[in-house]
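What follows draws every value from the coordinates through simple rules; no lab data is involved. Quick caveat, the model's predicted, so the values are computed rather than measured. Note that we place each Cβ from the backbone using ideal geometry, even for glycine, and neighbour counts take in every protein chain shown.
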Amino acid sequence: MRILIVSDTHGRLENFMTVVEETGPYDMLIHCGDVEGQEDRIEEIAGCPCHIVAGNNDWMTDLPQEEVFEIGDFTAFLTHGHRYGVGMGLERLADEGEDRGVDFVFCGHTHKPANEKVGNVRVLNPGSLSYPRQDGRRPSYMIMEFDQNGTPFFAINYLD
């Protein structure tokens, strides 16, 4: 299973289309919010089952604020992260993940990629494909894959 994880596209889909065209196909898409009205187009481009939540810039949407779902034998919690103060650290969000009994928490909002184990929860942020803020400011996304034993691996990738 190959899963594409993105966030903070903010209505700009050029880089998203490039990633899907050059690295797809995928079995699932996870979008961590701030789609700014492009959710239908994102689902069409992805061409696979999609999990998309609302971000702090998604005021006029029916998207859920949060979602808990299964990925194989694992449980995931998807949120944009702004309600958990992710700009100040991942601890509150990781605590929420532990309270919910999940294995992974996917978030966005900071526009900076992260892959950190906090307590018993792995917190993953793919960064932003449209407005990156990390050093070097390269658009980023994440790919989740599994080995033959079902162990998940996460790779942060960058566009040039």
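Could you look through region 1-54, keep only residues that are polar (S, T, N, Q) and in contact with a Phe, Trp or Tyr (Cβ under 9 Å, 6 or more places away or on another chain), and pick out the one that is farthest from ASN157 (Cα to Cα)? That would be GLN38. Here region 98-123 is the region considered, the condition is being of a type in the set (Val, Ile, Thr) and in a strand (DSSP E or B), and the residue that is farthest from MET144 (Cα to Cα) is VAL118. As for region 18-37, it holds at least one residue that is surrounded by 18 or more Cβ atoms within 10 Å (Cβ to Cβ) and among the small types (Gly, Ala, Ser). The residue pairs whose first member lies in region 96-121 and is within 25 Å of TYR158 (Cβ to Cβ), whose second member is part of a loop (DSSP other than H, G, I, E, B) and of a type in the set (S, T, N, Q), and whose beta carbons are closer than 6 Å, counting only pairs six or more residues apart or on different chains, are GLY108/SER7; HIS111/SER128; LYS112/GLN134.
When only residues in region 56-77 that are in a loop (DSSP other than H, G, I, E, B) and in contact (Cβ under 8 Å) with a residue 40 or more places away in the chain count, which is farthest from VAL121 (Cα to Cα)? If we take residues in region 56-77 being in a loop (DSSP other than H, G, I, E, B) and in contact (Cβ under 8 Å) with a residue 40 or more places away in the chain, then ASN57 is farthest from VAL121 (Cα to Cα).
Flag: GLY89 does not match the condition of being outside any strand (DSSP E or B), under 14 Å from the mean Cα position of the chain (by Cα) and of a type outside the set (D, E, K, R). In the set (1) closer than 14 Å to LEU4 by Cα; (2) in contact (Cβ under 8 Å) with a residue 60 or more places away in the chain; (3) buried (at least 20 other Cβ atoms within 10 Å of the Cβ), HIS80 fails one condition alone, (1). Being in contact (Cβ under 8 Å) with a residue 24 or more places away in the chain, exposed (fewer than 14 other Cβ atoms within 10 Å of the Cβ) and in a loop (DSSP other than H, G, I, E, B): is that true of GLY136 here? No. What do you reckon, is PHE74 aromatic (Phe, Trp, Tyr), more than 20 Å from ARG12 (Cβ to Cβ), surrounded by fewer than 19 Cβ atoms within 10 Å (Cβ to Cβ) and in contact with a Phe, Trp or Tyr (Cβ under 8 Å, 6 or more places away or on another chain)? So PHE74 fits the description; yes.
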